[in-house]
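Notes for the one structure printed next.
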């Protein structure tokens, strides 16, 4: 998969590179972030677990580093996302960029990519009920809650879906 440019060229989605990106991502997966993603009962991820997670995600879909342009040819990784038909995990790991609409912009671009790939639907399979920011992000990107369930740990979560209009494909990507 090629690098995808977003917005005015200030943002991009670059194919995830384990060797280059895991050391950066390891800084993000702390107790606060994991409470939003997995609930408060989740142990902090170590580097080995993070590598296994990214390998598993790459086997299921298209994994990208979310990067912000910081200079003419310089980029700073602020998060990651994986496009799969049955899940759409996204992390804005750098706290200074949370709540600024970057996640919505990324998800909207991936909806276009899914249309280009001929997919008919995307699913965000586990948005914790208490993670209001994540739910709002998916709603802004056109997703709707189709079910609320309880996981094996007793946590409530939402299953969110978006139907894909094949006219959503970008012609100049």
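Filtering region 148-167 down to residues that are farther than 11 Å from residue 124 by Cα and touching a strand residue (DSSP E or B) at 6+ places or on another chain (Cβ under 8 Å), which residue is surrounded by the most Cβ atoms within 10 Å (Cβ to Cβ)?
Across region 148-167, the extreme among qualifying residues is 164.
Do we find that residue 161 is assigned to a helix (DSSP H, G or I) and either in contact (Cβ under 8 Å) with a residue 12 or more places away in the chain or under 14 Å from the mean Cα position of the chain (by Cα) (or both) in this structure?
no
Tell me, yes or no, whether region 126-141 has at least one residue that is crowded, with 20+ Cβ neighbours inside 10 Å, under 14 Å from the mean Cα position of the chain (by Cα), touching a residue at least 24 places away in the same chain (Cβ under 8 Å) and part of a loop (DSSP other than H, G, I, E, B).
Looking through region 126-141, at least one residue is crowded, with 20+ Cβ neighbours inside 10 Å, under 14 Å from the mean Cα position of the chain (by Cα), touching a residue at least 24 places away in the same chain (Cβ under 8 Å) and part of a loop (DSSP other than H, G, I, E, B).
Got a sec? Which of 79, 103 is in contact with a strand residue (DSSP E or B) (Cβ under 6 Å, 6 or more places away or on another chain) and part of a helix (DSSP H, G or I)?
103
For residue 120, state whether it is touching a residue at least 24 places away in the same chain (Cβ under 8 Å) and within 20 Å of residue 28 (Cα to Cα).
Against the criterion (touching a residue at least 24 places away in the same chain (Cβ under 8 Å) and within 20 Å of residue 28 (Cα to Cα)), residue 120 does not qualify.
Of the numbered conditions (1) modelled with pLDDT under 90; (2) touching a helix residue (DSSP H, G or I) at 6+ places or on another chain (Cβ under 7 Å); (3) in a strand (DSSP E or B), residue 170 satisfies every one except a single condition; which is it?
If we test residue 170 against (1) modelled with pLDDT under 90; (2) touching a helix residue (DSSP H, G or I) at 6+ places or on another chain (Cβ under 7 Å); (3) in a strand (DSSP E or B), just (3) comes out false.
Which pairs turn up if I take residues in region 99-116 that are on the phi < 0 side of the Ramachandran plot and in contact (Cβ under 8 Å) with a residue 60 or more places away in the chain and look for partners that are surrounded by fewer than 22 Cβ atoms within 10 Å (Cβ to Cβ) and assigned to a helix (DSSP H, G or I) with beta carbon separation below 6 Å, at least 6 apart in sequence or on another chain?
112/168
Which helices (runs of 4 or more DSSP H) sit wholly inside region 1-60 and have at least 3 residues that are modelled with pLDDT under 80 and either crowded, with 16+ Cβ neighbours inside 10 Å or in contact with a strand residue (DSSP E or B) (Cβ under 9 Å, 6 or more places away or on another chain) (or both)?
31-38
The values are calculated or read from the model by the stated rules, or taken from the named source; none is laboratory data. A quick note: this is a predicted structure, and the numbers were derived from the prediction, not measured. Note that each Cβ is placed from the backbone with ideal geometry, even for glycine, and that neighbours are counted across all protein chains shown.
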